[in-house]
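Read the figures in this text as sums done on the coordinates, not as results from a lab. Since we're looking at a predicted model, the values are computed, not measured. Cβ sites come from the backbone with ideal geometry, for glycine too, and all protein chains shown count toward neighbours.
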Amino acid sequence: MKIINDPIQLQQYLKEQNKTIGFVPTMGALHEGHRTLIQNAREQNELVVVSIFVNPTQFLEGEDFDKYPRKDDADKKICELSGVDVLFFPNAQNLYFEDEVKIEAPDVRGYVLEGNTRAGHFSGVLRVVMKLLNIVRPTRAYFGKKDAQQLNLIQQMVKHYFLDIEIVPVDTVRDANGLALSSRNAYLSDKQRQEALKISASLYEAARMIARGENDTAQIKTKMVEILKPLEIGYVAIVNRDFNPVTVAQVGDTIVLVEVVCGTTRLLDNIWL
Ligand code: PAF
């Protein structure tokens, strides 16, 4: 596995290979969810590139940028064992410029749900993803459905900026109890991990209600809030695949989303129906 830090060097190297490229951008602290993204990329492309960069511009003032888990050595091992060809390890100095031209999150969709509680977060995400996609120029780039709003905004960016890249959504990986895997789960105590199971329980109940024919999203959300208590709820939302809120759930076009704060940790999850 080749490890490259410099964006220009990586761009040059990949151009010379002249192969289809599957790209998995990450912030490190890799878990089974990331391994699934890598596996998909491995199966569908000749070359697999993973980036590891804890992107400062997507953390707001007072968030966990400094304490975000950094596990470079373990991550390198995981990449090697997963058949990654190139690991891109940039730093803020070689990725960002003084007074640079910025990509911004859209005015409405970038500032609802996750973007409401974390105003500006998605501008930081889109900024770095635009850079990474332009450096790697992948054939396909892989993103988890767990960050559904991020995935939707990246799909919008690729469309609005006419990037010739296929964005591949990949299913969420859960532990045996149903907790969606996330690098931030490392912050949870055993008790909080237990409490966090209410999140997937509420989503499974939403799925059951919809399967039984209940399509009134107000009723579904009320039931979910009951299940989530006493967790601090950021939002419970039901949207269509375009991320517009819906009053009537429709199988094939519905995403049910939850954000809770467990202790001081913000946890996201969703289910696509
Ligand atoms: O989902 C993530 O890990 C990050 O938001 C991403 C897409 C790598 C951008 O920093």
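Going 7 Å from the Cα of W272 in the Cα-to-Cβ direction, what parts of the stretch 157-183 have a backbone nitrogen less than 17 Å from that spot?
Residues 157-159, 166-174, 180-181 qualify, since their backbone N sits under 17 Å from the label point.
Under the rule a/c < 1.5 gives rounded, and otherwise a/b versus b/c splits prolate from oblate, where does the stretch 1-112 land using the Cα gyration tensor?
prolate
Hey, how many Å between the Cα centroid of the stretch 35-100 and the Cα centroid of the stretch 200-273?
30
Could you check the spin-label model distance between T247 and A186? Points 7 Å from the Cα along Cα→Cβ, value in nm.
Result: 4.5 nm between the two label points.
Output the antiparallel fraction of DSSP beta bridges having both residues in the chain, as a percent to the nearest 5.
Percentage antiparallel, nearest 5: 50.
With runs of 4+ DSSP H residues as the only contributors, calculate the mean residue ellipticity of the chain at 222 nm using -39,500 (n - 2.57) per run, divided by the residue total and rounded to the nearest 500.
On the way: 10 runs with 104 residues, N = 273.
Helix-only estimate at 222 nm: -11500 deg cm²/dmol.
Take E80 and R212, extend 7 Å from each Cα along the Cα→Cβ direction, and tell me the distance between the two endpoints in nm.
5.2
Over the chain, what is the mean sequence separation of C-alpha contacts under 8 Å (at least six apart), divided by residue count, expressed as relative contact order in percent?
Working: 467 pairs, mean separation 47.1, N = 273.
Once normalised by length, the contact order is 17 percent.
Checking a compactness column here: for the stretch 198-258, what do you get for Rg(Cα) / (2.2 N^0.38 Å), N being the number of residues?
1.01
I'd like the FRET efficiency for Q17 and N91, computed as 1/(1 + (r/R0)^6) with the beta carbon distance as r and R0 of 30 Å, rounded to 0.05.
Numbers: r = 24 Å, r/R0 = 0.79.
Here the calculated transfer efficiency is 0.80.
For the stretch 97-176, what log10 I(q)/I(0) values come out of the Debye formula at q = 0.24, 0.25 1/Å, with one point per alpha carbon and no solvent?
So the normalised log intensities work out to -1.22, -1.27.
Q219 to D66: extension gain in nm, 0.36 nm per residue of separation minus the Cα-Cα distance?
On the way: separation 153, 0.36 × 153 = 55.08 nm, distance 4.02 nm.
Fully extending the segment from Q219 to D66 adds 51.1 nm.
Assuming 0.36 nm per residue, please report the length gained on full extension of the stretch I8 to R174 beyond their Cα-Cα distance. All intermediate terms of the calculation are to be shown ahead of the outcome.
Details: separation 166, 0.36 × 166 = 59.76 nm, distance 3.65 nm.
56.1 nm is the gain from fully extending I8 to R174.
Using only the alpha-carbon atoms, how far is helix 148-160 inclined from the longest principal axis of the chain? Give it as 0 to 90 degrees, nearest 10.
50
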